[in-house]
Amino acid sequence: MNSTNNEYEHEQVLHLAGELRILVGKLRRRLREEGHMGDISMSQASVLGWLERDGPATVSSLARVEGMRPQSMSAIVLALSEAQMVTGAPDPQDGRQTIWSLTDTCRAWIRESRAAREDWLAHNIESRLTADEVNELNRAVALLKRLAQ
């Protein structure tokens, strides 16, 4: 047993892991609702996130980072293109490929969606937690960051 959690029995840690998984799923679904994600699937949202963070990319590179076949990624990118969330341009290095990037409309939608989610979460933190609980939550977030690394 790891020395950092030797105070807990393995069964307690397993229970905690299950509770945390369920809670993170509920929070994620609730934030998705509050962000007015509409008909965007989780896969589509993930692709938009990659393009926002890392910039323009080909279907092949997006498929690689998402761990899926290029054919599956092509379908996701096509749906995003039809929704006018991404736009493609020929790859200057390889004219056979297309480099996909976010449209300005999509960037604005992402900003608005993120702001709505953060506003909802901030309101709930302020209205449901005491100052001590907010400090405790801040410490818990630091622990969650360590778990996510």
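Let's see how each residue does on (1) more than 20 Å from Arg117 (Cβ to Cβ); (2) of a type in the set (Lys, Arg); (3) modelled with pLDDT of 95 or more:
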| residue | (1), (2), (3) |
| --- | --- |
| Glu11 | yes, no, no |
| Arg64 | yes, yes, yes |
| Asp94 | yes, no, no |
| Asp104 | yes, no, yes |
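Selection of the stretch 78-95 for residues being part of a loop (DSSP other than H, G, I, E, B), open to solvent by 50 Å² or more (accessible area, probe 1.4 Å) and out of contact with any Ser or Thr (no Cβ under 7 Å at 6 or more places or on another chain) yields Ala83, Pro92, Gln93, Gly95. Only one of the listed residues (Trp100, Trp109) is in contact with a Gly (Cβ under 6 Å, 6 or more places away or on another chain) and either more than 21 Å from His36 (Cβ to Cβ) or modelled with pLDDT under 95 (or both). That residue is Trp100.
Within the stretch 96-125, being part of a loop (DSSP other than H, G, I, E, B) and surrounded by 11 or more Cβ atoms within 10 Å (Cβ to Cβ) holds for Gln97, Thr103. When the residues of the stretch 33-46 are filtered to those that are farther than 17 Å from Ala122 by Cβ and open to solvent by 60 Å² or more (accessible area, probe 1.4 Å), which remaining residue is modelled with the highest pLDDT? Taking the candidates together, the pick is Met42.
Listed conditions (1) open to solvent by less than 30 Å² (accessible area, probe 1.4 Å); (2) small (Gly, Ala, Ser); (3) within 28 Å of Leu27 (Cα to Cα) are all met by Ala131, apart from (1). Residues in the stretch 53-69 that are touching a helix residue (DSSP H, G or I) at 6+ places or on another chain (Cβ under 6 Å) and either touching a residue at least 60 places away in the same chain (Cβ under 8 Å) or within 14 Å of Leu80 (Cα to Cα) (or both): Val59, Leu62.
Every condition in (1) within 26 Å of Arg28 (Cα to Cα); (2) of a type in the set (A, V, I, L, M); (3) not in a helix (DSSP H, G or I) holds for Ala75 except the one numbered (3).
For first residues located in the stretch 122-149 and closer than 22 Å to Leu16 by Cβ, partners that are among the hydrophobic types (A, V, I, L, M, F, W, C) and open to solvent by 80 Å² or more (accessible area, probe 1.4 Å) and lie 6+ apart or on another chain with Cβ distances below 7 Å do not occur.
Just to be sure before I move on: is Trp120 at pLDDT below 95, of a type outside the set (Gly, Ala, Ser) and on the phi < 0 side of the Ramachandran plot in the structure I sent? Answer is no for this residue.
The values are calculated or read from the model by the stated rules, or taken from the named source; none is laboratory data. None of the values given here were measured: they were computed from a predicted structure. Heads up, the Cβs are rebuilt from the backbone with ideal geometry, glycines too, and the neighbour counts pull from every protein chain shown. Areas reflect the complete protein model, heavy atoms only, side chains present, ligands, DNA and RNA absent. Shrake-Rupley method; radii C 1.70, N 1.55, O 1.52, S 1.80 Å.
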